[in-house]
Amino acid sequence: ATGTFNRTAYHSFIEKYTEQGQQWSIIIFDLNNLKQINDTMGHMEGDHLINGFCHCAQIAFKGFGVLYRIGGDEFVCLCKNTSENHVIICLQELETLLSTYGNIPISLSYGCDFFTPTKPSDFKEALKRADVKMYEMKRNKKANQR
């Protein structure tokens, strides 16, 4: 329904990875306050936010990244041979698109890591580093809301 690849496709891709010397970026996204939206406004509104995020992310990263839904409100984008500066531009475009999408603002936290994998486990390690950065962003957003 989201137009993204799923967790199985993500794991299948990294387990079969054999290329050498390619630089990758991995970005993990987590939608903020989705449970609260589901609980107060209903799951249809939550689904609308998930679909809205997917739509905006696919526009922002079109041609540069592949989006995977790895959990209920968690997504990973893999970008091959894309500079750090270009990823930042895509993330800024995503934030702009999300701020103007629908009648409920879509808030998210994300973390990014750049790496040159030589084996499938390098993707897992990069995801862990990106996840730490994502949770740092999430903590900072919550602290700023108080």
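The values are calculated or read from the model by the stated rules, or taken from the named source; none is laboratory data. Just so you know, these numbers come straight off a predicted model, no measurement behind them. Here Cβ is always computed from backbone atoms with ideal geometry, including for glycine, and neighbour counts include all displayed protein chains. Just the protein is used for accessible areas: all its heavy atoms, side chains included, with ligands, DNA and RNA removed. Shrake-Rupley method; radii C 1.70, N 1.55, O 1.52, S 1.80 Å.
Structure data summary
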{"quantity": "Val66 within 24 Å of Glu15 (Cα to Cα) and in contact (Cβ under 8 Å) with a residue 24 or more places away in the chain", "calculated": "yes"}
{"quantity": "Members of the range 96-107 found to be open to solvent by less than 80 Å² (accessible area, probe 1.4 Å), within 15 Å of Asn33 (Cα to Cα) and more than 15 Å from the chain's Cα centre (by Cα), listed by number", "calculated": "Ile104"}
{"quantity": "Criterion violated by Tyr110 - all others in (1) touching a residue at least 60 places away in the same chain (Cβ under 8 Å); (2) open to solvent by 80 Å² or more (accessible area, probe 1.4 Å) satisfied", "calculated": "(2)"}
{"quantity": "Any hit, the range 105-127, residues being of a type in the set (A, V, I, L, M), under 19 Å from Thr2 (Cβ atoms), modelled with pLDDT under 95 and assigned to a strand (DSSP E or B)", "calculated": "yes"}
